[in-house]
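Trainee: Below is a structure I'd like to ask you about.
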Amino acid sequence: MIWLFLVLGVLLVVAIAFAFVGTTTGRLQQNVQPVVFEVEDAVDWVAEQLPEETAGQLTYAEVATITRWWLEYFDQVGLATEHGQEIGDEALSEETPERIAELDDAVDYVVARSLEQEDPLDSVSVVVVVDLLRIYLTEMGAITGISEEE
């Protein structure tokens, strides 16, 4: 008789454990983990991905500067909040209108900033860096792609 209670107890504990694990897994699948954009990591990744021609024309510091200008564009269109807070959809409240960061406008902004320098950067190299930054954000899951206008 004691064996019957022992077996039923073990089965009850296992059933409760499976139910708990199942509900927790289901709940965690619904929660999206925030993506953290680390500038140093992005600059390292972009610098490693640069084609040979572009890598020969830009220094690591210039890649970091281009990245900073690119982030400034997102700040100007209102898709960035203060350091340590959310970026993108979370930066928008219900009372603010939808904001879109156009890729062409971001490229134009960064190229214009690069041409304002005392020693202007090569525009093609700047565009390559900006495109690699877009790819980096897409691969890390911060953006889901480019929306198409109809």
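Please treat every number below as a calculation from the coordinates, not as lab data. As the structure is a computational prediction, the values presented were derived from the model and not from experiment. No Cβ is skipped: glycine too gets one built from the backbone with ideal geometry, and neighbour counts run over all protein chains shown.
Trainee: At R0 = 41 Å, how high is the FRET efficiency between Ala15 and Trp45 if r is their beta carbon distance? Nearest 0.05 is fine.
Mentor: For Ala15 and Trp45, the calculated efficiency is 0.35.
Trainee: Based on the mean of other beta carbon atoms within 10 Å per residue, what is the order of 19-29, 56-66, most packed first?
Mentor: Highest to lowest by the protection proxy: 56-66, 19-29.
Trainee: Given a Förster radius of 22 Å and the C-beta distance between Thr23 and Thr138 as r, what FRET efficiency does 1/(1 + (r/R0)^6) yield to the nearest 0.05?
Mentor: 0.10
Trainee: 7 Å from Cα along Cα→Cβ at both Glu52 and Asp131: what's the point-to-point distance in nm?
Mentor: Each label point lies 7 Å from its Cα, and together they span 1.8 nm.
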